[in-house]
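Remarks on the structure that follows.
The values are calculated or read from the model by the stated rules, or taken from the named source; none is laboratory data. Being a predicted model, the structure only gives us computed values, none of them experimental. We place every Cβ from the backbone using ideal geometry, glycine too, and count neighbours over all the protein chains shown. Side chains are part of the model used for accessible areas, which takes the heavy atoms of the whole protein and leaves out ligands, DNA and RNA. Shrake-Rupley method; radii C 1.70, N 1.55, O 1.52, S 1.80 Å.
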Amino acid sequence: DGDEITYSFPDPLNKDGEWQTSYDDAGDYNLEITASDGKLTQKEKVKITVRDIDRAPSLYVPETVQVKESELVSFIVESEDPDHDPVSITVNNLPEDADFDINSRTVSWTPDYTVVTQRTGKWQSFLYAVHVEKFFLQKKERNLNVTSCGKNFCASQSVKIVVNNVNR
């Protein structure tokens, strides 16, 4: 009949029936929309589904850690999921005698006195033969790969452990 129709929208919709969702809004919403021409009013239930969008967890580890042979080195892997999903943390390329405690999220290692000098090949043999290995074998680097996974996405970073030679 040509009458102007006005609409009323409940929260979380705005006056124009729009909603700028955020990551925390995932779920089903049953809303009642009202339409009126001033004489008649019609209410209709509408189901709005906001899909869950996963985000990768944050991951914080030191870039480089320095340690002397026979001293304990440890660091904590800090990670949380912005969607509050549980995270699964793995540390790859750990030395055999190193440990990653999943509960405390702590990597710890006490490199022994042979870590820096454990090399093989002709160059190593030559250095030992002429007794100059102490000038060349000052440190050894080891890269660990740390990964934290949430529901669908992962974050990864490397940690360089630098083991400095200790003359005994």
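Mean separation of Cα pairs under 8 Å and 6 or more residues apart, divided by the residue count, gives the chain a relative contact order of 23 percent. A simple packing score, the average count of other Cβ atoms within 10 Å per residue, orders the peptides 43-53, 139-149 as 139-149, 43-53, with the highest score first. Per-residue ellipticity at 222 nm computed for the chain from its helices equals -1500 deg cm²/dmol, with DSSP H segments shorter than 4 residues left out and the rest contributing -39,500 (n - 2.57). Accessible area per residue for the chain, computed on protein heavy atoms with a 1.4 Å probe, is 69 Å².
Start at zero, step by 10 Å, and the Cα-Cα distances of the chain spread as 8, 23, 17, 13, 11, 9, 8, 6, 3, 1, 0 percent across the bins. Rolling a 1.4 Å probe over the protein heavy atoms of segment 1-51, with every protein chain left in place, gives an accessible area that is 45 percent carbon and sulfur.
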